[in-house]
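Following: one structure in structure tokens, then a few remarks.
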């Protein structure tokens, strides 16, 4: 079964009029998608990355881990009987606190906040992690509920971020398809843009003004994760 990004690309290709679309035509090896029996398409999420000793890691992986931890915390500490609720926002940068330490301190902070749940308050869990508590105007399903988050290591100018992270993804995917390239006459790279969520005409102009990236794919397709009908071809050979 296609994952979310692969399905978005398949839907995007269908919108463009492609009909003979096969998912993983050769099994769990490149390409992810085959068009008309000859165009191989590799799919990848376009995300922000950080360099680690074991390679590149998407910044959103930390956000997913923290969000999952908070969901468990909210389930654990919600009183059975309560009258008011609050939204919980958090801001973090790296390095993140140890997961067990973070969980213990957040639980302690939220428990201590219950008498003041009707007030806006901010708490410093560590030098790199802060909480913001915002009272809800109505009672929610849980005493505490996720409100917002901010990754201090993320952000920047969208076009520049897309450009720099696309460099990494192109290199990664070219290495992955190298031993399979001879099987098909044409190879495309399709990326689902979780940085800019789709580019405007002005964004495209700015992107094209940057030095052209080196790549071996015949086409690079950028797809919005919010709407598969919104797409751009960044490069075409």
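Scanning region 1-28 for residues that are in a loop (DSSP other than H, G, I, E, B) and over 16 Å from residue 42 (Cβ atoms) gives 1, 16, 17, 19, 20.
Comparison of 183, 230, 139, 176 shows that the only residue that is touching a residue at least 24 places away in the same chain (Cβ under 8 Å) and not assigned by TED's automatic domain parsing to the domain that holds residue 47 is 139. The condition (being more than 24 Å from residue 158 (Cβ to Cβ), in the same structural domain as residue 226 (by TED's automatic domain parsing) and surrounded by 19 or more Cβ atoms within 10 Å (Cβ to Cβ)) is satisfied by just one residue among 21, 10: 10.
Residue-by-condition table, conditions (1) buried (at least 17 other Cβ atoms within 10 Å of the Cβ); (2) modelled with pLDDT of 80 or more; (3) touching a helix residue (DSSP H, G or I) at 6+ places or on another chain (Cβ under 9 Å):
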| position | (1), (2), (3) |
| --- | --- |
| 155 | no, no, yes |
| 160 | no, no, yes |
| 164 | no, no, no |
| 182 | no, yes, no |
| 189 | yes, yes, yes |
| 201 | no, yes, no |
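The values are calculated or read from the model by the stated rules, or taken from the named source; none is laboratory data. What you see is a predicted model, and the numbers here were worked out from it, not measured in a lab. Using ideal geometry, Cβ is built from the backbone for each residue, glycine included, and neighbour counts are taken over all protein chains shown.
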